[in-house]
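One structure is given below, encoded as structure tokens.
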């Protein structure tokens, strides 16, 4: 008799009697026992099957086996946020059921440093020597890998601080306007 125990729950019970194999409960219709080798194969694994299982053969418990079911990684996208000196790129993708994952940044320009990690920073000083280049991110786990669509980084990607009022420009306009108004008033 072969059983597989998760905690106090028997998840699979295989009784081999003259090559007749009966499987019950959790892995029913998804498992196969090779009676000549004793290898149990489970197909159609689900994320919910991830657990620690303790095989037991003829009432003898063996070492626990950790089953980890991974989902394939999603196709990532790149989120870009730039200011006047740098662009921060973040590799986005729902990897909740695909972990552990590795992130790698790829570039079409061999002079650009290829990096790992979820975030990658491109500095304007790097771009000044290039007209533009494409960058993409790749997510990989032990069973799959996907690459984002490339995005283009150029000197136009770096914006000035913008957003708020430009005080120096406002003061300049006010001084010029006051001077012109004063000259016009003085002349008449």
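Scanning the range 76-113 for residues that are within 29 Å of residue 51 (Cβ to Cβ) and part of a loop (DSSP other than H, G, I, E, B) returns 76, 93, 94, 95, 96, 97, 98, 99, 100, 101. Report yes if some residue within the range 76-83 is closer than 30 Å to residue 155 by Cβ, out of contact with any strand residue (DSSP E or B) (no Cβ under 7 Å at 6 or more places or on another chain) and in contact (Cβ under 8 Å) with a residue 60 or more places away in the chain; otherwise report no. Yes: the range 76-83 contains one or more residues that are closer than 30 Å to residue 155 by Cβ, out of contact with any strand residue (DSSP E or B) (no Cβ under 7 Å at 6 or more places or on another chain) and in contact (Cβ under 8 Å) with a residue 60 or more places away in the chain.
We did not get these values from a lab; they are worked out from the coordinates using the rules stated. Values in this document were obtained by computation on a predicted structure and should not be read as measured data. Note that we place each Cβ from the backbone using ideal geometry, even for glycine, and neighbour counts take in every protein chain shown.
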